[in-house]
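> First the structure, then my questions, so here it is.
Where a number appears in this text, it was derived from the coordinates with a stated rule and is not lab data. Just so we're clear, the structure is a prediction, and the values are computed from it rather than from any experiment. Reconstructed Cβ throughout: ideal geometry from the backbone, glycine too, with neighbour counts over all protein chains shown.
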């Protein structure tokens, strides 16, 4: 498909409202650093990619540390007591279980009074190879608040590596403003797995909000191809383009379509006159946010109940919802108007036909039905 130059005026040489040539030209600059992020190893992407974490309360965190410290202490006591003949006490007595516990405690805490010491070669070797690492582990568990940050980075790096190697058929949402959040809410309301939704945004506060919902987040501009590659856009099932500005939406759509030629690409714009630019940039569907809101506002002044019904249909967790399903075998050949479901249209080979269209007179095998469903109490 021939790409349209967003800088060109569609109407008799008038400069289009999408912005200045310098704004659109930024894409050329991005191409020069397109692989800057993708060339990095996975551990260097910690902070750019953020994997969702399960929140752990303070009491549970402290409990885990106490259990870890106790296990290290018990292992040390067992090791010392089994080799008690290799240790000497200042009073000359053989080591008891209490002595082994006392030695393990003062040794792991690095107090080291010296009244009990390893004297045999085997005891000293055990101290070097086993008890010293246990001593370090004991200190990490008890004084590990700072080191926990390093542990968290390692855990994040491992999760990022595993996620990047396996992620397929996910949804990438570019822009987590009002439109992006609403899109994610709709996806989650339809039962989407939060871990299979990736949010790309420059706003760290927005990413924090997305991460709290269990979403994978990528910090960066959606107009940069390397950021989209890190988000796995080239393997995504669908890409939602929802930035705040229409010129950014065109640039992001161009970049996303170049990376993901087969993904379902949905974009939102504020002005209807920019729809054709999004279409020519590769968007499969374009939603005009300002005109849609304006229509609902106008209708609300005369028929508020109609607007309430629209809100109901567009809310997947309330009352009624618009859904899509495969046709049943017994429905093939019949009319969609005679089904118990309220059918709005038929999707046939990727094309949508309204229920009153001639093509929708009879249901064919392989069709999908758009219908109104009642949201069950379990979903509510």
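> For labels at residue 262 and residue 309 in the simple 7 Å Cα→Cβ model, what's the distance in nm?
In this crude spin-label approximation the distance works out to 4.0 nm.
> Follow-up question, since we're still on this one. Hey, fewest Cβ within 10 Å first, where do 338, 170, 219, 276 land in order?
Ascending Cβ contact count within 10 Å gives the list 338, 276, 219, 170.
> Moving on. Sort the following peptides by mean Cβ neighbour count (other Cβ atoms within 10 Å, averaged over residues), highest first: 283-293, 91-101.
Per-residue mean Cβ counts within 10 Å order the peptides as 283-293, 91-101.
> Given labels modelled 7 Å from the Cα in the Cβ direction, how far is it in nm from residue 329 to residue 244?
Once both label points are built, they end up 5.5 nm from each other.
> Between residue 373 and residue 167, how high is the FRET efficiency from 1/(1 + (r/R0)^6) when r is the Cβ-Cβ distance and R₀ = 35 Å? Nearest 0.05.
For residue 373 and residue 167, the calculated efficiency is 0.70.
> I need the calculated FRET efficiency for the pair residue 297 and residue 322, taking r as the beta carbon distance and R₀ as 30 Å, to the nearest 0.05.
0.90
> Highest mean first, what order results for 175-184, 257-266 on Cβ atoms within 10 Å?
Put in order of decreasing packing, that is 175-184, 257-266.
> Give me the distance between the Cα centres of the stretch 201-216 and the stretch 246-272, rounded to whole Å.
Centre-to-centre distance over Cα atoms comes out at 21 Å.
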